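The structure appears right after this line, and notes come after that.
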Amino acid sequence: MQKTLLLLFFLVLWTSLNAQINITGLVQDEAGHPLEGAVVSLVSDGTKEKQNAISDANGRFGLAINKDKHFDNLLVTYLGYADYHVRLENVVHDLYLGEITMLPVERTMQEVEVVGQREIQKIDRKIIIPSKFQLKAATNGFGLLRNMQLSGIRLNTIDNTIRTSTGEPVQLRINGVKTTIAEIKAIRPHDVLRVEYYDMPGARYAGAAAVIDIIVRYKERGGNVSGDLTNGVSMLGFGEYQLSANYHEGKSELKAVAWWNRRDLKWIRENTETYHYNDRTLTNREIGDPTKAKFNNFDFSLWYSYAVNKSVFSVIFRDRYNHVPNSTTDRISTLYTENKTYRINDFMSTHDNSPSLDLYFHTMLPHQQTIYFDLVGTYIGSGSNRKYTLFETGHNDQDFVSETTGRKYSLIAEGIYEKMFNRSKLSFGVKHTQTYTKNSYSGTIENLVKLNTSETYLYTEWLSKLGKLTYTLGLGVMRIYNSQANNNLSSLIFRPRLSLAYNVTNSLAIKYAGYVSGYAPSLSNMSDVSQDIDIYQLRRGNPNLKAVTFVSNSLSVDWATKWLNVGLYGRYSYDHKPIMEETLLENQRFVRTMNNQRGFHRINTRIDFKLHPFGDWLSLQVTPFFNRFISNGNHYTHTHANWGMRGQLLAMYKQWLLAAEMETSQHSLWGETLDKEEASHNIALGYNKDKWAVQLVVANPFTTLYTTEVENLSRIAPANKLAYSRNLRRILMINVSFNLDFGKAKTAGNKRITNTDENTGVLHGR
């Protein structure tokens, strides 16, 4: 009897196991990268019955169905990609579908809006699918980012910057390639598939505060020619002009972008300076006359890429030329001091040219392995010319003349290895930078400075999931070496990193990021040279500067509902032995120099409210913020607190856009310098058709005077510098864009790393 029952048990078990059919496969993109979070569904035409599975971190999925169930179709869906259909007929055994390659959605202006979830939250990034309204209302990639209202991101249309809420630069990428504002503006919005926003970037992003990677599609055969032109109407000295073209043939792609950014306006400066000598105190009051501020920036880039199988090779040539014939610090003013009156003429012109060549390669190996290589060579030639004249009626003029010529050569090499596991990823990376700089200073003071620097960074990082918890563990080490004449600096900095993300519910997430980093002194600060500022002051470098250790801890809470998103963010960071300014009195001259000070503390907090009761038709974003700074020098302590508010209103209907933005004054303290930015606001009205768009923008319509202020809090030589302009208020601008398409669409291979060098390494007297 027992034997019979045992036999019966195994018979039932065997029958049950064999009554199931397993359907498995792997979901990936065109480049062969696994897609996590793809929804795989079995659908019955007759009964409308449905069974779902989700692909894991390696893109794998599995579905087990009973043989008595009948499903007609298998459907794979992923945000930003076209649906993948498989017709099922007479499936009686286990079925392996192999690699399922998802193709990007072909976006047109007539596209039906995505109505499901458009945002996927990851440990280190958010994957965001732009809505049709956001795409239609944008004329370029910069405008699209504005329409998407990314939490913690500030866009300034006047100076073309994208920064975090704390004022740090955002690293920009296109298909994984580190890029520029000019190339972001060359993006056509309807080519954008998705935006990947890294609010907690990992070790491979070299300490970036945030990363925005725009994933776009290109052409399979053919290409595009487009332009984006902005010019001031009320102020003719404001202009930005962009032309771009790309062509794709088979496995090759060629792309070119040209950008010209110009300003020509008037500034007035007012300075108050106090000098505390050992035996007396001198106060100078300076009233300025209008002086011109003029610059022209030219950017050009030429890309060639070749993609075959699971490998991509690209060559990128970039060149940037900046010419500033009239600096914003130029001044013609009257100086009142000690019952005497002087006239001051202070003019400075600068220029620099920085061509670079970038060679990149990546390939996917078996078993979910990928290798990346990047090599960048850069040359930066720069020059400046400054003449300061102080004269009194009936007396000889006092002149200070300085001319600087800089030559800088750098080579950046980086390699990355990544291995995917089930729900985990392991990566190793190494990056080396070698730089040689030669600066020649002539005029009132003559000097020749030669600097050699090298920086090597090695890291490893592990990313994994435990239920609702996702974590990243990273460890890096950086070696810095600088040499100038007989002075050498060698430092070793350890860079551990920990990131945690916990999804409490589908609408509530908590994230923490903590890391230790460091940075070396800039080449300009290390130069052993002095330059006259005026008859009272001079600026001097310091070759004895040491590397700095930086510690950061941040915590964020995000809560999302159908109509309201709320985000809380707090960050504390600390610089140990930071390189900050100090002022010395030597031989009756005040010396402005840099030194390793005791420490610098920051506290940054904000609350993001985004109300969208009518979807993307109408949205309102309000962000109150609070920042506090504590600057501890060797001989000073300064504190400052800054409350403020940012807000944005967007209304989009068919081809129309109405946008209104405002921001109160943002303050920042570093060392003994307190910067106070001008409060800003603007209103834009745009109309967008398939091949062209036009937009009217009014910048600062309610501002009577555009003002910036810089305070120096030195005990022995405090100063207050006020600069204002009537040209930067009530600016009416018109933007016109066009695009001409030909050929079929195809997504280009992703370039995952690119490095750049933009620091001239020149010390200026001002």
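Readers should treat all values here as calculations from the given coordinates under stated rules, not as data from a laboratory. Computed from a predicted model, the values in this text were never measured in an experiment. Cβ: placed from backbone, ideal geometry, glycine included. Neighbour counts: every protein chain shown.
What to note about this one:
- Gain on full stretching of the segment that runs from F609 to N487 - 0.36 nm per residue minus C-alpha separation: 38.7 nm
- Modelled spin labels at L705 and I535, positioned 7 Å past Cα toward Cβ, are 2.8 nm from each other.
- Amide H contacts under 5 Å for A38, placed H, 5+ residues apart: S55
- Alpha-carbon spread of segment 407-558, three principal axes, descending order, Å: 67, 35, 21
- Pair I371, W563: separation of 7 Å Cα→Cβ label points (nm): 5.7 nm
- Simple label model, 7 Å out from Cα along Cβ direction - D159 to S665, nm: 1.5 nm
- Annotation: aspartates and glutamates with alpha-carbon distance below 14 angstrom to K654 (same-chain offsets under eight excluded): E111, E113, D616, D690.
- Equivalent-ellipsoid semi-axes of the chain, from the Cα gyration tensor, Å, largest first: 53, 29, 25
- For the pair L426 and T363, a Förster radius of 25 Å applied to the C-beta separation gives a FRET efficiency near 0.90, rounded to the nearest 0.05.
- From phi via Karplus (6.51, -1.76, 1.60), per-residue ³J(HN,Hα) for segment 728-736 in Hz, x at Gly/Pro: 9, 10, 6, 8, 9, 10, 10, 10, 10
- Partner lysines for K69 [C-alpha distance under 17 Å; skip if fewer than 8 residues away on the same chain]: K48, K50
- Hypothetical label at I630: residues of segment 592-606 whose amide nitrogen lies under 18 Å (7 Å Cα-Cβ projection): 597-605
- The stretch between L229 and Y436 holds 70.7 nm of extra length on full extension. This uses 0.36 nm per residue minus the Cα-Cα distance.
- A Förster radius of 45 Å combined with the Cβ-Cβ distance from T334 to L243 puts the calculated FRET efficiency at roughly 0.50.
- Among the listed pairs K431/K546; K266/K387; K185/K562; K450/K676; K178/K408, a Cα-Cα separation exceeding 26 Å is found for K185/K562; K450/K676.
- Residue-averaged [θ]222 nm for the chain, counting only DSSP H segments that reach four residues, each worth -39500 (n - 2.57): -1500 deg cm²/dmol
- Candidate cross-link partners of K438 among the aspartates and glutamates, defined by an alpha-carbon separation under 15 Å and a same-chain spacing of 8 or more, comprise D352, E403, E446, D528.
- What the phi angles of segment 171-178 give under the Karplus curve with 6.51, -1.76 and 1.60, with θ = phi - 60°, is a coupling list of 7, 9, 9, 10, 6, x, 8, 5 Hz, glycine and proline written as x.
- Gap separating the Cα centres of segment 593-633 and segment 205-269, nearest whole Å: 28 Å
- At R0 = 45 Å, FRET efficiency that the Cβ-Cβ distance of N385 and L740 yields, to 0.05: 0.55
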